[in-house]
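The values are calculated or read from the model by the stated rules, or taken from the named source; none is laboratory data. No experiment lies behind these values; they were computed from the predicted model shown. Glycine also receives a Cβ, built like all others from the backbone with ideal geometry; neighbour counts cover every protein chain displayed. Just so you know, the surface numbers come from the protein's heavy atoms only, side chains and all, with ligands and any DNA or RNA stripped out. Shrake-Rupley method; radii C 1.70, N 1.55, O 1.52, S 1.80 Å.
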Amino acid sequence: MVDLAFSTNAYTRHPLPEAVRRIADHSYAGVELLGDEPHAYFPEFDDDARDDLIKALEDTGLAVSNINANTATGYYDDAPPSSFFEPSIIQADDEARAWRVEYTKHAIDLAETVDAPAVCLATGRPLPGTLPEEAREYLHDSLHEILDYAEPRGVDIGIEFEPELLIENTDEVLALIDEIGRDSLGVNLDVGHAAVYGENVVESIHRSAGSITGVHLEDIVGGRRGKHYHRIPGEGDLDFRAIFDALDDIDYDGFATLELYTYPDDPDRAAREAYDELAQYV
């Protein structure tokens, strides 16, 4: 059975413990923790912040579905407001790439502390001057180091594909999982990313059976003809009945996490309306 969770990345105008408590007010079984500012940006996430988070989780009884380490915007003083993946694990600069690998290890530490099953990670974009084949070598080396750290701690790593990244679709993420050849590497399957790329979401779910570490949900208008903008379920074109049926078909029994970072002005409304729309399917 699939349980619903909600990501704190919709609550970036609230402290992390408050975000957890607000999400619990909307009947979710789980919460995804944003591993970035203003929540858990690891160079600044100290013992007091960790203890405040643990208390909020204990008070609410929420399980942690995932640590979202796709971005590290706290690294920069002037990062753009949109999704930003640098420094990535495919950076040609050795120091920047090593920093991101260590950052991911801190996300794994938090996952172990709060008993989260997985950390999700995006590959980033190949930057000018870095050939795609070179970026893949950096990716493989980075992932093996990350997995060496994650496996003894019982944490899986889910690659989240996205259009325009080095790994941008189901074919590429499944090929990567096969190339790396380690059971602890899987896919954090974002249904909206599959739709925007032009994939059949149900087919993507079926093909990923056995490799899904987590699921991100949001609605999308227009599919490949539309824009990559996360909307509240029911406000776009995705067939959530078919999505949940497909998850049942493959016996997926983890969390499906709403990722609605596009509603920072009214995250409570987004959380409430998303739950009301999707509760019928779980």
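Computed quantities for the displayed model
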read-out: Cβ-derived FRET efficiency at R0 41 Å, HIS140 paired with ALA49, nearest 0.05; value: 0.80
read-out: Contour excess over end-to-end distance, with Cα ends at ASP248 and ASP77 and 0.36 nm allotted per residue; value: 57.2 nm
read-out: Within the accessible area of the stretch 178-220 (1.4 Å probe), percent carbon and sulfur; value: 38
read-out: Qualifying trypsin sites (Lys or Arg not before Pro) for the stretch 139-220 [loop in DSSP, other Cβ within 10 Å: at most 16]; value: ARG182
read-out: Sulfur and carbon atoms: percent of accessible area, the stretch 60-172 [1.4 Å]; value: 45
read-out: Beta bridges per DSSP with both ends in the chain, % antiparallel, nearest 5; value: 5
read-out: Accessible solvent surface per residue of the stretch 1-137, calculated while the other protein chains remain in place, 1.4 angstrom probe, Å²; value: 44
